[in-house]
């Protein structure tokens, strides 16, 4: 089975789930080091524009690219998740972006990303959960 076939299979399985991580085929791709297949599956989910799956996939893609050392790609993926405004994934992506920027020595960018997470009102990231 080609990587493209695996990506299509992963996307098909993920399409019926709320959370992309729940897809065993996608986990298998990542676990076997099939980074390109995982990237393709995440990109398919992002391209779908689905209100739940696209932000989740963008966050996951950001994490994957960060681990691969692809800082600019990770930054773009995290920003897609942030821009989605998803109540859970946008603040998580802001924290992921902030941590990556901090590692890169981009203190001001990290501070701004952390502030986005704080301002989200999300219970995990805000000192005053529920307030925006």
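Here is a check on your reading of the model: is residue 61 touching a residue at least 12 places away in the same chain (Cβ under 8 Å) and closer than 24 Å to residue 35 by Cβ?
It is true that residue 61 is touching a residue at least 12 places away in the same chain (Cβ under 8 Å) and closer than 24 Å to residue 35 by Cβ.
List the helices (runs of 4 or more DSSP H) that sit entirely inside region 19-113 and contain at least 3 residues that are at pLDDT 85 or above and under 21 Å from residue 123 (Cβ atoms).
Counting at least 3 such residues, we get 53-67, 71-84, 89-103.
Within region 76-94, restricting attention to residues that are within 20 Å of residue 44 (Cβ to Cβ) and out of contact with any helix residue (DSSP H, G or I) (no Cβ under 6 Å at 6 or more places or on another chain), which residue is surrounded by the fewest Cβ atoms within 10 Å (Cβ to Cβ)?
83
Applying the selection to region 36-75, what residues are closer than 16 Å to residue 113 by Cα and out of contact with any helix residue (DSSP H, G or I) (no Cβ under 8 Å at 6 or more places or on another chain)?
Matches in region 36-75: 72 only.
Is it true that residue 122 is over 26 Å from residue 40 (Cβ atoms), without any contact (Cβ under 8 Å) to a residue 60 or more places away in the chain and in contact with a helix residue (DSSP H, G or I) (Cβ under 8 Å, 6 or more places away or on another chain)?
Yes; evaluated as a whole, the condition is true for this residue.
The values are calculated or read from the model by the stated rules, or taken from the named source; none is laboratory data. Note that the structure is a prediction, hence the values are computed from the model and not measured. So basically every Cβ, Gly included, is an ideal-geometry build from the backbone, and we count neighbours across all protein chains shown.
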